[in-house]
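The values are calculated or read from the model by the stated rules, or taken from the named source; none is laboratory data. Fair warning: this is a prediction, and the values are worked out from it, not measured in the lab. No Cβ is skipped: glycine too gets one built from the backbone with ideal geometry, and neighbour counts run over all protein chains shown.
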Amino acid sequence: MKARNFVRQVAIPFVVVFPLLLLFSAIGEKHHAFAQASNDDHSVRAFSAVASVLTSPRCLNCHVPDDGPLQGDDNHPHTMNVKRGPDGRGTPAMRCTNCHQDTNSQFLHAPPGRADWRLPPPSMPLVWKGLSIAGICRSVKNPATNGGMSTAQLIEHVRDDPFVNWAWNPGPGRTQPPISHDEFVARFTEWVQTGAACPKE
Amino acid sequence: MEKSHFTVNGKSVELEIDPATPLLWALRDHLGLTGTKFGCGIGQCGACTVILDGNAVRSCQVKVSRAAGKNVTTIEGLSSDRSHAVQRAWLMEQVPQCGYCQSGQIMSAVVLLASNPSPRDSDIDDALSGNICRCGTYHRIRKAVHRAAELARKEEKGA
């Protein structure tokens, strides 16, 4: 009698319920994996729009691996042998702000301007020139290379930083990034909110 | 018109001038300091270089508003008798040909030597690459900067 009760109360429910639990768990995991993959795709697509801005000359010309910045839409080396210097603001007698003022010059081929015009410092050059989109993505995301910023801080940075905003007001003769600043911020935020995934190499 | 106050060659000046006026025109047209030259007007040649609080700025690009409350030094302010070490070195090495760019070259050299009393050739090239000389006196400029550095060191030892 006891054995029959055991089979009815324990063994049968176990035999029936346990495989069902396993099945639901597997389905859940698969669903989660699908959702993650879909989120990553979404994130990578958003970063692709972001990258169209970061690789535009207005951004790329100063995010360089070499000792001096670039100029123009063809990314040619900055004339006058301009160097980054120890703080990213140039060398003695050739400080960036010797020519670059707080605002753009209104004249063609004259220096563009924003307050504290500079390159990233040599200690954290945030190089994008020469990197793949995946490499740029990792560099932007990594606090060790991006100035110690979290992804939330990065959103604020791309929205409010005067240098970032300058790219859409670069002065005469300079092209702007291919998407608007509003769209850039929207796609950047989307990238962060969908997990800040980077494309594969 | 607003009044702008700044110091030029050690003297306090007050100008009733549009604050967006390039410093170059304030110096040349309002203060009569014509040693600073107008070259390109777009910050590409360095002929208009003056020293603003220790920096070799292009006065065609700097607005008077940026100079407010600051110290400006022009070529006239280095010495009243060409006795500044850089001026003497320039004469010793007979640097100028036409001379038009030379006040800008000298001001950049002064700023370089203030931060680097013993510059290497590469330091000089880096510091003066923004000063263009159509006569091509670059070799003499480099020699003169070395000479000026030597003269300044001797002056310091003698002092």
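Here are the numbers for this structure:
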| read-out | value |
| --- | --- |
| Of all residues making up region A:75-90, the number that are on the phi < 0 side of the Ramachandran plot and within 7 Å of chain B (Cβ to nearest Cβ) | 1 |
| Filter pass, residue A:103 being within 13 Å of chain B (Cβ to nearest Cβ) and in a helix (DSSP H, G or I) | no |
| Every residue from region B:120-152 that is part of a loop (DSSP other than H, G, I, E, B) and crowded, with 23+ Cβ neighbours inside 10 Å | B:130, B:131, B:133 |
| Filter result for the condition that a residue is within 14 Å of chain B (Cβ to nearest Cβ) and in contact (Cβ under 8 Å) with a residue 24 or more places away in the chain, over A:134, A:93, A:167, A:115 | A:115 |
| Sole residue being assigned to a loop (DSSP other than H, G, I, E, B), of a type outside the set (Ser, Thr, Tyr) and within 14 Å of chain A (Cβ to nearest Cβ), chosen from B:105, B:61, B:94 | B:61 |
| Among residues of region A:76-90, those that are surrounded by fewer than 21 Cβ atoms within 10 Å (Cβ to Cβ) and part of a strand (DSSP E or B), counted | 2 |
| Flag if residue B:49 is under 18 Å from residue B:115 (Cα atoms), within 10 Å of the chain's Cα centre (by Cα) and crowded, with 18+ Cβ neighbours inside 10 Å | yes |
| Which numbered condition residue A:75 fails, given (1) under 25 Å from the mean Cα position of the chain (by Cα); (2) closer than 26 Å to residue B:55 by Cα | (2) |
| Options A:101, A:71, A:106: the member that is polar (S, T, N, Q), surrounded by fewer than 14 Cβ atoms within 10 Å (Cβ to Cβ) and on the phi < 0 side of the Ramachandran plot | A:106 |
| Residue match in region B:74-82 (condition: within 14 Å of chain A (Cβ to nearest Cβ) and modelled with pLDDT of 95 or more) | no |
| Every residue from region B:1-44 that is among the hydroxyl-bearing types (Ser, Thr, Tyr) and touching a strand residue (DSSP E or B) at 6+ places or on another chain (Cβ under 8 Å) | B:4, B:7, B:12, B:21, B:36 |
| Check on residue B:76, closer than 25 Å to residue B:147 by Cα, touching a residue at least 60 places away in the same chain (Cβ under 8 Å) and out of contact with any strand residue (DSSP E or B) (no Cβ under 7 Å at 6 or more places or on another chain) | yes |
| Any hit, region B:2-25, residues being touching a Pro at 6+ places or on another chain (Cβ under 6 Å) and within 14 Å of another protein chain (Cβ to nearest Cβ) | no |
| Selection count where residues are farther than 15 Å from residue A:101 by Cα and at the interface with chain A (Cβ under 10 Å from one of its Cβ atoms), scope region B:26-45 | 2 |
| Selection within region A:109-120 - crowded, with 20+ Cβ neighbours inside 10 Å and within 17 Å of residue B:46 (Cα to Cα) | A:110, A:111, A:112 |
| Complete set of residues in region A:128-161 that are modelled with pLDDT of 95 or more and hydrophobic (A, V, I, L, M, F, W, C) | A:128, A:131, A:133, A:134, A:136, A:137, A:140, A:144, A:149, A:154, A:155, A:158 |
| Test for residue A:41: is it within 14 Å of chain B (Cβ to nearest Cβ), surrounded by fewer than 20 Cβ atoms within 10 Å (Cβ to Cβ) and acidic (Asp, Glu) | no |
| Within region A:109-201, helices (runs of 4 or more DSSP H) holding 1 or more residues that are under 23 Å from residue A:74 (Cα atoms) and not aromatic (Phe, Trp, Tyr) | A:133-141, A:162-166, A:181-193 |
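For (1) assigned to a loop (DSSP other than H, G, I, E, B); (2) touching a residue at least 24 places away in the same chain (Cβ under 8 Å); (3) over 22 Å from residue A:95 (Cα atoms), each residue gets a yes or a no:
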site: B:6; (1), (2), (3): no, yes, no
site: B:15; (1), (2), (3): no, yes, yes
site: B:24; (1), (2), (3): no, yes, no
site: B:28; (1), (2), (3): no, no, yes
site: B:66; (1), (2), (3): no, yes, no
site: B:90; (1), (2), (3): no, yes, yes
